[in-house]
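The next block holds one structure in the form of structure tokens; read it before the comments.
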Amino acid sequence: MPKSFVVKDPYVWLCCGFAALGACLYGYEGVYFTGVSTLDVFVRDFGTRGDDGEFHISPQNLAVMTSMINVGELVGSLLAAPLNDLFGRKGSLLTGSVAVVVGVVMQLSTTSSRAIITAGRAVSGFGVGTFSVTSPLYMGEIAPESLRSPLLMCWQLVLSVSQIIAAGINRSVIHNNTSFAYRFPIGFQLIFPLILFLGITWLPESPRWLLRRGHHDKTMRSLRLLHHEDKHYDAKPVMQNIEEDLEKESSSEIESAWIQLITDPIERRKVIYSAGALIAQQINGIQWFYYFGTIFSKAIGLKDPFLMTLIVFIIQVFVVLAAVLLANKIPRRPLLLITTGIMTMSIFVVGCLGIPGGTPSETVGKVIISFVIIEIVAFNFAWGPLGWTIVSVSPFHQWSF
């Protein structure tokens, strides 16, 4: 990482830091609910009383409440492309922030309705999905090429830190028997969009988007603002490079015919590599722990599932940090293949030992959680951060696609 750039252009880092709040939401949203849903007070308020006199939330209802955020994320990520084209990166970030605020307020408004909680999580998910597309896109467009990959890998690092925050907050409220125990973790996520609301006014718009819309003067101002601490910075060559790149896109009609991303063999291969990396990042089996980790730890007989979840995410941060520092020193293809093998073995062992039935043994529980940690370490050393990096080497016109 070039130290001169860090000193010379701190404003770029600051702007990327604000954009990375989307990663905070992405990570926090994926973890906090796994703890909230196991709280006795939450089960009492949103569950139903069974024949044994105890309150329960059925696995079906819990699955719907937990996974509805993924439905919102799917819709948000699909609509993020046209939103970015129409309203720019700042407009899309603002849209995502509003959606998260509305969704959180909906969840805070009830202490009994599973339907409102579910709907609120879907609305919040829309905002998170918008962020998951727009934030890396914005960071990639304002960062110089030499730092694009490290910055996008830092997305996974920020995401991991936010997961620690979520796990820590969950553990801090486990002894509270009022609605505050689940309202505080839900409401805490308001911090991220509210901070972005404050910063959106001074964040410069993406120079690339401005130039595509024909705003040459605004593009020049945006570039100069991003590098205003460098007294010798010349925005004209950078602007000319962006303009030439946009002209190439226009001449090949790539922007006006997205179907060519599928019909053209070369473009199709690029889409398969970039989209495939992000798909593999999501379907490799890691998400089950992020969404049900605390519930799972409790089910296998661990004495303090909240503490175990927190420990796992602390380990994860150090692994991601190591991945960021070593990213350009290890060949990516062998790394992805090796870690995939490790993850496959870990999931297989967890699946074999975790077959339901009988009282879980403490020893078996410890073995299971050990292989869960191995799986998470392998994921965050490769697929976690590298998924975003693989996309960063694709042409810009494919990013929002």
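Observations, loosely collected:
- When segment 13-39 is filtered for residues that are modelled with pLDDT under 80 and among the aliphatic types (A, V, I, L, M), nothing remains.
- Which numbered condition Asp9 misses (of (1) more than 25 Å from Ile376 (Cβ to Cβ); (2) at pLDDT 90 or above): (2)
- Residue match in segment 171-188 (condition: under 29 Å from Leu386 (Cβ atoms) and either under 14 Å from the mean Cα position of the chain (by Cα) or touching a residue at least 60 places away in the same chain (Cβ under 8 Å) (or both)): no
- Across segment 58-71, the qualifying residues are those that are under 17 Å from Leu39 (Cα atoms) and touching a residue at least 24 places away in the same chain (Cβ under 8 Å), and the one among them that is farthest from the chain's Cα centre (by Cα) is Asn61.
- Residue within segment 127-150 that is modelled with pLDDT of 90 or more, in a loop (DSSP other than H, G, I, E, B) and not hydrophobic (A, V, I, L, M, F, W, C) present: no
- One residue stands out in segment 151-189 among those that are hydroxyl-bearing (Ser, Thr, Tyr) and not in a helix (DSSP H, G or I): the one that is farthest from Tyr28 (Cα to Cα), namely Thr178.
- 2 or more residues crowded, with 17+ Cβ neighbours inside 10 Å and at pLDDT 75 or above: qualifying helices (runs of 4 or more DSSP H) within segment 202-271: 207-212, 216-226, 235-251
- Selection status of Val43, within 23 Å of Leu310 (Cβ to Cβ), modelled with pLDDT of 90 or more and not acidic (Asp, Glu): yes
- Which numbered condition Leu86 fails, given (1) at pLDDT 95 or above; (2) out of contact with any Gly (no Cβ under 7 Å at 6 or more places or on another chain): (1)
- Yes/no for Phe87 being under 30 Å from Pro204 (Cβ atoms) and surrounded by fewer than 22 Cβ atoms within 10 Å (Cβ to Cβ): yes
- For segment 190-201, the candidate set comprises residues that are touching a helix residue (DSSP H, G or I) at 6+ places or on another chain (Cβ under 6 Å) and outside any helix (DSSP H, G or I); within that set, the residue that is modelled with the lowest pLDDT is Ile200.
- Which numbered condition Leu278 misses (of (1) within 30 Å of Thr363 (Cβ to Cβ); (2) in contact (Cβ under 8 Å) with a residue 12 or more places away in the chain): (1)
Rundown of residues vs (1) more than 17 Å from Ser135 (Cα to Cα); (2) in contact with a Ser or Thr (Cβ under 8 Å, 6 or more places away or on another chain), yes/no style:
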position: Leu14; (1), (2): no, no
position: Cys24; (1), (2): no, yes
position: Val31; (1), (2): yes, yes
position: Arg49; (1), (2): yes, no
position: Ser77; (1), (2): no, yes
position: Ala80; (1), (2): no, yes
position: Asp85; (1), (2): no, yes
position: Thr95; (1), (2): no, yes
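- Within segment 83-109, considering residues that are small (Gly, Ala, Ser) and in a helix (DSSP H, G or I), the one nearest to Val64 (Cα to Cα): Gly103
- The condition of being under 30 Å from Asp85 (Cα atoms) and not polar (S, T, N, Q) holds for Arg208.
- Condition met for Ser112 (at pLDDT below 95 and outside any loop (DSSP other than H, G, I, E, B)): no
- Considering segment 99-148, and only residues there that are surrounded by fewer than 24 Cβ atoms within 10 Å (Cβ to Cβ) and among the basic types (Lys, Arg), the residue that is farthest from Ser222 (Cα to Cα) turns out to be Arg114.
- Hey, Ala181 of a type in the set (A, V, I, L, M, F, W, C), farther than 30 Å from Pro82 by Cα, surrounded by 24 or more Cβ atoms within 10 Å (Cβ to Cβ) and modelled with pLDDT of 85 or more or not: no
- Filter result for Glu54 (under 26 Å from Asn380 (Cα atoms) and at pLDDT below 90): no
The values are calculated or read from the model by the stated rules, or taken from the named source; none is laboratory data. Being a predicted model, the structure only gives us computed values, none of them experimental. When we count neighbours, we look across all protein chains shown, and the Cβ atoms used for this are built from the backbone with ideal geometry, even at glycine.
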